[in-house]
Amino acid sequence: MVKDKEPRSAGLDFTDNISIGWKKVDFRPDDAHLALVNESNESFLRAVSAIGEFSMDNAEDAVGISQEILRLDLKVNLLLDLVSQLIYKQLDIPGMSRVTISSGEIEWQCENVPEPGQMVFVDAYIQHGTPKPLCFYGKVVSDQQEYNSGLARVRYFGLAGSAQSWLDKLIFRHHRRAVAFGKSKNPLPDI
């Protein structure tokens, strides 16, 4: 009997070159442990959202304030970049891979991927320049052919509540930026 292939997650996703690492786990995490992981991920995803959602108020009376906020934002970003470069050199950050993140799963291609059916713990460094990863448990749902070609698909295990909501917001923001970039690259012809 041929085992049915696990379907890919539907919905929005985004693809980026990021550092990703994994390790096999031989246990099923309990609810208390998953709650701690979700709490940590929620805090991290909120911070990533705050970093990525700077927007200026275009009201005429706030132009000076907006310019000052933009100037401070640039300084803080420069400081974060410099500090993260120092930290990255001291940490054992995994190599980069082409990674696709969706609401229900993550997939990546590299030489060393987990075997189908395994339970794994994944570290995905989704915010460039930040040496803190999104960490989660997952079940490997890639099939044998995908595994043989070096592709891993991992369905999140226990990611729920606010952490899931913040991940969905991050995915939507990345998708929206990709669409905007695509439109700016290929403007519609004048008719």
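Projecting the Cα atoms of 151, 125, 137 onto the charge dipole of the range 98-174, computed from C-beta unit charges around the Cα centre, puts 125 farthest toward the positive end. Oblate is the label for the range 104-163. Its Cα gyration tensor axes, ordered a ≥ b ≥ c, give a/c of at least 1.5 and b/c at or above a/b.
For the range 32-41, 3J(HN,Hα) computed residue by residue from phi via the Karplus equation (6.51, -1.76, 1.60; θ = phi - 60°) reads 5, 5, 4, 5, 5, 5, 4, 5, 5, 5 Hz, glycine and proline entered as x. Simple point charges give the picture: +1 on the Cβ of Lys and Arg, -1 on the Cβ of Asp and Glu, and for the range 108-191 a dipole about the Cα centre of about 480 debye. Listed cross-link partners 139/185; 75/169; 75/183; 23/185; 24/169; 23/183 are compared with a 32 Å cut-off, the Cα-Cα value being larger for 139/185; 23/185; 23/183. The mean sequence separation of alpha-carbon pairs under 8 Å and at least six residues apart, normalised by the residue count of the range 63-150, gives a relative contact order of 24 percent. Taking other C-beta atoms within 10 angstrom as a stand-in for reagent exposure, 105, 68 fall in the order 68, 105, fewest first.
Here, each number is a calculation from the coordinates, and none is a lab measurement. Every value quoted in this text rests on a predicted model; they were computed, and no experiment measured them. Ideal geometry is used to build each Cβ from the backbone, glycine not excepted, and the neighbour counts take in all protein chains shown.
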